[in-house]
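The values are calculated or read from the model by the stated rules, or taken from the named source; none is laboratory data. Since this is a predicted model, take the numbers as computed values, not measurements. Here the Cβ positions follow ideal geometry from the backbone for every residue, glycine too, while neighbour counts run over all protein chains shown.
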Amino acid sequence: MTQIIHSVSDLQKWSMEQKRQGKTVGLVPTMGFLHEGHLSLIDTAHAQGADAVAVSIFVNPTQFGPNEDFDRYPRDFEHDRILCEQHGADVIFAPEVNDMYPAAVTCWVQEEEISKGLCGKTRPIHFRGVTTVVTKLFNAALPDLAVFGQKDAQQAAIIKRMVRDLNFPIRIIVSPIVREADGLAMSSRNKYLSADERQRALTLSRSLREAKEALENGTRTDALAECDVIRQKLTASGGVVDYVEALDPETMLPVTSGSQRPVLFALACAYGTTRLIDNMKVD
C-alpha cells in the first residue's frame, strides 16, 4: 500500500531509511490531477533503477503569476492516490503550502539563461518558482534519480542545468511525451477545454508533425521558415500564439538559419482561456 507523507522531515526520514537498506530512491514531482503522462514517469523511475519511488503532489503557488490559475488548478487527491498505488509508488508526498513555505520566502533558486526565453518571456516568475520548489523537493526526498516529462521541455532543461551547476547528486531522467490517441499532448489543463477548443487544439501536434515530416523528408529545408508555417496554422485554427521557436535540443537556445543540426520545435498557444504547450524533435 502506498504510504502518504505530509511533512518534509518525515519524508527525509523515509528516504534515509530506504538508503540504509541499500535501496535507490526515485522522485516524480507532480502537481497532481494525474494522467497517463504522469503515470509513465512513475513507470520510468522503476525502469531506470529506482527501488523506492516517491511521487510528490503539490500545487506550488510560487510558480503561478497573479492572474494565472492557481486557485482553479484541477485537484483530485483520492483519484491520484489510487493511480499511484496501481503503478507501484511507495510514497505520496502531499505537503500543505505551510509545510513547504513555513515563512515568507526571501531566498530563491534561479537559472539565468534557459529560463529567459519561451515561457519565461510571458511568465517572468514561473521558473524561479519551479527551480525553488524542485530544490525543496530534492532536499525533502533526497532522491538518487528524478523523472520529468519532455512535454515541459524548457523546465526539464532548466532542472538539468540546475543539477549540473549546483552539484546535486541526482540523475535527471526526461521521459517522452505521452499523447492522447488523436495526438493531443496529455496535460492536466486539457480539462479546461470545451469540445470545440479541444478539437481545434489538435492543430498543435498536427502542425508539429507536419513540420517534422517536411524537414526530415526534404520537402522543406528551413527550420526557421517552418516556425512561420506552424504559427500560421495555429492562428488559422483560432489559437492565440504565444511563441513558436526552433531550438537546439541540448541548449534550448534558438538555432540559426541554415543549421543542419537536430532541432526542437517548441510552441505555446491558447484556445479560449487555456494555454497549452507542446514540442517535437526533428532529426
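Observations, loosely collected:
- Pairs meeting the criteria (first residue in region 131-154 and part of a helix (DSSP H, G or I), second residue of a type in the set (S, T, Y), beta carbons under 6 Å, at least 6 apart or on different chains) are L137/S56; A141/S15.
- Pair list, Cβ under 7 Å, 6 or more apart: region 233-249 residue hydrophobic (A, V, I, L, M, F, W, C), other residue part of a loop (DSSP other than H, G, I, E, B): A246/V255; L247/L253; L247/V255
- Region 101-118: number of residues that are touching a helix residue (DSSP H, G or I) at 6+ places or on another chain (Cβ under 6 Å) and in contact (Cβ under 8 Å) with a residue 60 or more places away in the chain: 2
- Residues considered: K233, K191. Of these, the only one that is more than 27 Å from T44 (Cβ to Cβ) and within 25 Å of the chain's Cα centre (by Cα) is K233.
- Verdict on A103 being among the hydrophobic types (A, V, I, L, M, F, W, C) and at pLDDT below 95: yes
- Cβ-Cβ under 6 Å pairs, at least 6 apart or on other chains, region 66-89 side in a helix (DSSP H, G or I), far side polar (S, T, N, Q): C84/T2; E85/T2
- Look at (1) outside the structural domain of T24 (by TED's automatic domain parsing); (2) closer than 21 Å to E245 by Cβ and you find that K160 fails only one, number (1).
- Unique residue being more than 17 Å from D152 (Cα to Cα), outside the structural domain of T44 (by TED's automatic domain parsing) and surrounded by 15 or more Cβ atoms within 10 Å (Cβ to Cβ) when the list is A195, A211, A181: A211
- Put simply, of R161, R171 the only residue that is crowded, with 19+ Cβ neighbours inside 10 Å, under 30 Å from E17 (Cα atoms) and of a type in the set (K, R) is R161.
- Hits in region 159-175 (condition: within 13 Å of H38 (Cα to Cα) and either of a type in the set (A, V, I, L, M) or free of Cβ contacts under 8 Å to residues at least 40 places away in the same chain (or both)): V174
- The numbered conditions (1) closer than 20 Å to H38 by Cα; (2) touching a residue at least 40 places away in the same chain (Cβ under 8 Å) are all true for E180 except (2).
- Test: residue in region 25-38 that is of a type in the set (D, E) and over 18 Å from E96 (Cα atoms): yes
- Flag for V130 being more than 21 Å from S187 (Cβ to Cβ), in contact with a helix residue (DSSP H, G or I) (Cβ under 6 Å, 6 or more places away or on another chain), assigned by TED's automatic domain parsing to the domain that holds K13 and β-branched (V, I, T): no
- Output for region 224-254, where each listed residue is of a type in the set (S, T, N, Q) and over 14 Å from Y271 (Cα atoms): Q232, T251
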